[in-house]
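Asks: Below is one structure. I have some questions about it.
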């Protein structure tokens, strides 16, 4: 995976790269917005791009079940299907098989489960996951891994790390899309020595980028940071590093200081749907009665359409009336907040001022 | 209400006018899109305007209950509140008081009822409805009327016509917004003589425009057309005529041939939310399995974003996955279909070719 280096923070491991993909450049650190079902909750692709989102993530498990990979293959890939022209990452579906599917049976060969949509029996293997991702035509694909619940016993995690290593090899062997980069995933739960083994063996298999999986699954932030700090030294300096499922702006800031380049999280979308907004002054709950006649924008420091064109009073009204335009505007705002946060982080890394950055996290409403 | 005449159909009573309002010109025949809660289901105002919608209708009853008229007054009126720059009509809330509210008691003074949202007791009178609409700052307001259910006895309708005439006088007396046109409403159910009395007496009170209410409430189309045909002769030639709650394109075409200029209906929005689309080839149900891999646009003859940027396969996927972007695109399409239909009708009236127009209505799938 070709990349260029724009800068590095002198006081931490944070770095600013340009990663080249078949659908354009990713300027890191980068946040991947969730487009699970090949759509970003209520938003048009051009709005998401305009908000500064560089890349979205679709989900192999969900698209495999619905509409079915062949539907997207016939459309000429997921870019054309959803009309998003920038890079797309696909998750293997591993996480969803373990978090959503019913009646799961794991064997060395793969995972037998029932669809969470209609209960129909399914069998997913590293080969079928990679074949699906090849057909999606995403720019970055992920190996099929086992994502272990938190907390888990050392014995379980140890066996799981070995299984994921086997699946990583099979994923790489099955991968056949030359325009797509297949990333490895390091597992190992909260056990530093297992993380090390997983990292070293995954790197031996060899991938253009490495993810840390099984984090942000309920553990305290300091434990997550401890695991990242213990794992990063075993990942190559010249490959992008991706922590899956992270997180708040504060989480991302802490992680990227440890050398992480890529993040993805459903949080800005999900919080928006729950009326919880990230703003330059902290978190705001739009349903709060004190916004009833508030003629100010959501965030005076934000340039998104929700902030430029509407008042808190109107956004609260849409929210209270459960009008879909409300969730749409709030999602747009949160994504713009994330994109701007990453833009500012990147500027700070390049300027060497990252150590002065902090995040207004608290102050609800 | 100032207007200019652009044309009239030589073979029917259809006419093409320009009606002047405080927020711009309405080219008739015109379809008013529903923006009940001061938003058009999932769409941004600029998208709705771009789709060719000239005017939207907000609902006095709904906005009175939530967010409350004072919230919108403080915002400087409903145009600024919802950021829609074109004309807005407000319904008095009469229809909703009779269709939605609970424990309704009608007196000469007004209607006592319970909010359908929280059950709280409310009392709406012609004066309070008009005061609310004055504060909303809409371009066209409607008198507060009693909307009778269908079918109803002659005795009930007769008494109701008299009540609505009293309320029409009080509505006019209470009206105090010089930038707003207050329209009268003709009632009378299916009884032609009562419609005539209602029309003649309402015209005596004197309004800049006249609506026919209590239609499209379950009666057969031919009965609706019979009532319209029997009523129009008692309405002044030089005032706009508005049939409330109508309808399909075929309904509107039939009505405007009888001299109706203005229509409003929730149908394009509601059908879109149910996956039912108006197209140039008839009605299409997006959930139909035969669209699963259909790479064609919804309607090759339509220029809306849903048709220009997405396939039937993708729209069906969004629909099946219950993704909000699906309802958004389908609503946009139906509104564009309505707007284009009215544009074509108008061109045909001006060109004298309206008699050749027909509507592809059937062909569901």
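Asks: Consider segment A:223-264. How many of its residues are under 18 Å from residue A:193 (Cα atoms) and assigned to a helix (DSSP H, G or I)?
Replies: 12
Asks: Would you pick out the residues in segment A:236-257 that are more than 24 Å from residue A:282 (Cα to Cα) and surrounded by fewer than 21 Cβ atoms within 10 Å (Cβ to Cβ)?
Replies: Residues satisfying the conditions are A:236, A:237, A:238, A:239.
Asks: Got a number for residues in segment A:113-127 being free of Cβ contacts under 8 Å to residues at least 60 places away in the same chain and surrounded by 14 or more Cβ atoms within 10 Å (Cβ to Cβ)?
Replies: 8
Asks: So residue A:68 clears everything in (1) more than 12 Å from every other protein chain (Cβ to nearest Cβ); (2) surrounded by fewer than 22 Cβ atoms within 10 Å (Cβ to Cβ) except one condition, right? Which one?
Replies: (1)
Asks: Would you mention how many residues in segment A:308-330 are closer than 16 Å to residue B:81 by Cβ and either in contact (Cβ under 8 Å) with a residue 24 or more places away in the chain or more than 7 Å from chain B (Cβ to nearest Cβ) (or both)?
Replies: Residues that pass the stated criteria total 8.
Asks: Further question on the same structure: Restricting attention to segment B:52-61, which residues are surrounded by fewer than 24 Cβ atoms within 10 Å (Cβ to Cβ), assigned to a loop (DSSP other than H, G, I, E, B) and on the phi < 0 side of the Ramachandran plot?
Replies: Result: B:54, single match.
Asks: Additional query: Return the total of residues in segment A:265-297 being in contact with a helix residue (DSSP H, G or I) (Cβ under 7 Å, 6 or more places away or on another chain), in a loop (DSSP other than H, G, I, E, B) and within 14 Å of chain B (Cβ to nearest Cβ).
Replies: 8
Asks: If you go through segment A:30-44 one residue at a time, how many are in contact with a helix residue (DSSP H, G or I) (Cβ under 6 Å, 6 or more places away or on another chain), crowded, with 24+ Cβ neighbours inside 10 Å and part of a loop (DSSP other than H, G, I, E, B)?
Replies: Going through segment A:30-44 one residue at a time, the tally reaches 4.
Asks: If you don't mind, there's one more thing I want to ask. Going by the structure shown, is residue A:344 within 29 Å of residue A:210 (Cα to Cα), surrounded by fewer than 23 Cβ atoms within 10 Å (Cβ to Cβ) and under 26 Å from the mean Cα position of the chain (by Cα)?
Replies: yes
Asks: Hey, another quick one. For segment B:202-219, give me the residue count where each residue is surrounded by fewer than 19 Cβ atoms within 10 Å (Cβ to Cβ) and touching a strand residue (DSSP E or B) at 6+ places or on another chain (Cβ under 9 Å).
Replies: Adding up the residues that qualify gives 4.
Asks: While we're looking at this one, here's another question. Return a yes/no flag: does segment B:128-135 have any residue that is touching a residue at least 40 places away in the same chain (Cβ under 8 Å), surrounded by 14 or more Cβ atoms within 10 Å (Cβ to Cβ) and touching a strand residue (DSSP E or B) at 6+ places or on another chain (Cβ under 6 Å).
Replies: Looking for residues that are touching a residue at least 40 places away in the same chain (Cβ under 8 Å), surrounded by 14 or more Cβ atoms within 10 Å (Cβ to Cβ) and touching a strand residue (DSSP E or B) at 6+ places or on another chain (Cβ under 6 Å), one finds at least one in segment B:128-135, hence yes.
Asks: Restricting attention to segment A:75-99, report how many residues are within 14 Å of chain B (Cβ to nearest Cβ), out of contact with any helix residue (DSSP H, G or I) (no Cβ under 7 Å at 6 or more places or on another chain) and either modelled with pLDDT under 95 or crowded, with 18+ Cβ neighbours inside 10 Å (or both).
Replies: 1
Asks: Suppose the filter is within 25 Å of residue A:83 (Cα to Cα), within 14 Å of chain A (Cβ to nearest Cβ), at pLDDT 95 or above and not in a helix (DSSP H, G or I); does residue B:303 pass it?
Replies: In short, no.
Asks: Here is a further query. I'm told residue B:43 meets every condition in (1) farther than 30 Å from residue B:15 by Cα; (2) more than 15 Å from the chain's Cα centre (by Cα); (3) more than 9 Å from chain A (Cβ to nearest Cβ) except one. Can you identify the failing condition by its number?
Replies: Residue B:43 satisfies every listed condition except (3).
Asks: Could you tell me whether any residue of segment A:59-68 is under 21 Å from residue A:248 (Cα atoms) and assigned by TED's automatic domain parsing to the domain that holds residue A:93? Let's see the steps before the verdict.
Replies: Of segment A:59-68, the ones under 21 Å from residue A:248 (Cα atoms) are A:59.
Narrowing further to those that are assigned by TED's automatic domain parsing to the domain that holds residue A:93: A:59.
Yes, segment A:59-68 has at least one match.
The values are calculated or read from the model by the stated rules, or taken from the named source; none is laboratory data. These numbers come from a predicted model, not from an experiment. Positions of Cβ are backbone-derived with ideal geometry, glycine not excepted, and every protein chain shown enters the neighbour counts.
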